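Scroll down for the structure; my scribbles are underneath it.
The values are calculated or read from the model by the stated rules, or taken from the named source; none is laboratory data. Computed from a prediction, not measured in an experiment: that's the story for all the values here. In this analysis, Cβ positions are derived from the backbone assuming ideal geometry, glycine residues included, and neighbour counts consider all displayed protein chains.
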Amino acid sequence: MPFTPFHFGPGVALYAIAPRQVSFLSFCAANVFIDVEVLYYARTQQLPLHRLCHTFCGATLVLGAILALFLAASKWASTVVLPDLFGWKQLALRPVAIGAALGSYSHIALDSIMHPDLRPWAPFSDANPLYALGSLGTLHGACVITGLVGLIVITVRYVHTSRNQR
């Protein structure tokens, strides 16, 4: 994806399906962390742009880093005043892990379809069997549509819950 927000569409849909099991915050964090690599290499004009973080092994490292940061922040939050941005203090480890895993691995799968320099199975293989599996327009459209469907599901659930609480 040329921009991380396209990746958020499938994340919204996954969160809509299982809001108690999937942390949308950690899903987004994984996608942003992975694309920091591209930002760095693009900014320093180094090719290829997609390297370690854009492999399934690298995505696993990103997943581990997000979990380590979450655990450290959770521990520090009891002794240091940390802001509760996006309600992260109410999250449990399991939804954070699931969200980060889904975000990390879906990022690699989606980017594999559109970027010829991506080697998702490195260091074990330089092959990219997903490359050009679909058109760029179809890929972006699918990401936007899944996000819209997810938002509709979340909105309907919210309205339904609000009406039942009256």
If we ask which residues in region 74-86 are over 14 Å from residue 29 (Cα atoms) and either in a helix (DSSP H, G or I) or at pLDDT 90 or above (or both), their number turns out to be 3
The correct count of residues that are crowded, with 20+ Cβ neighbours inside 10 Å and either in contact with a strand residue (DSSP E or B) (Cβ under 7 Å, 6 or more places away or on another chain) or without any contact (Cβ under 8 Å) to a residue 24 or more places away in the chain (or both) in region 94-109 is 0
Quiz item: residue 125: at pLDDT 95 or above and either under 17 Å from residue 11 (Cα atoms) or β-branched (Val, Ile, Thr) (or both), yes or no?
Solution: no
Condition set more than 19 Å from residue 90 (Cα to Cα) and crowded, with 22+ Cβ neighbours inside 10 Å, scope region 13-34, selection nearest to the chain's Cα centre (by Cα): answer is 31
- [ ] Would you mind stating whether residue 136 is within 18 Å of the chain's Cα centre (by Cα) and either hydrophobic (A, V, I, L, M, F, W, C) or surrounded by 11 or more Cβ atoms within 10 Å (Cβ to Cβ) (or both)?
- [x] no
Considering only region 54-68, I want to know if a residue exists there that is at pLDDT below 95 and either more than 30 Å from residue 137 (Cβ to Cβ) or more than 16 Å from the chain's Cα centre (by Cα) (or both).
no
How many residues of region 1-57 are farther than 22 Å from residue 144 by Cα, free of Cβ contacts under 8 Å to residues at least 40 places away in the same chain and not in a helix (DSSP H, G or I)? The answer is 4
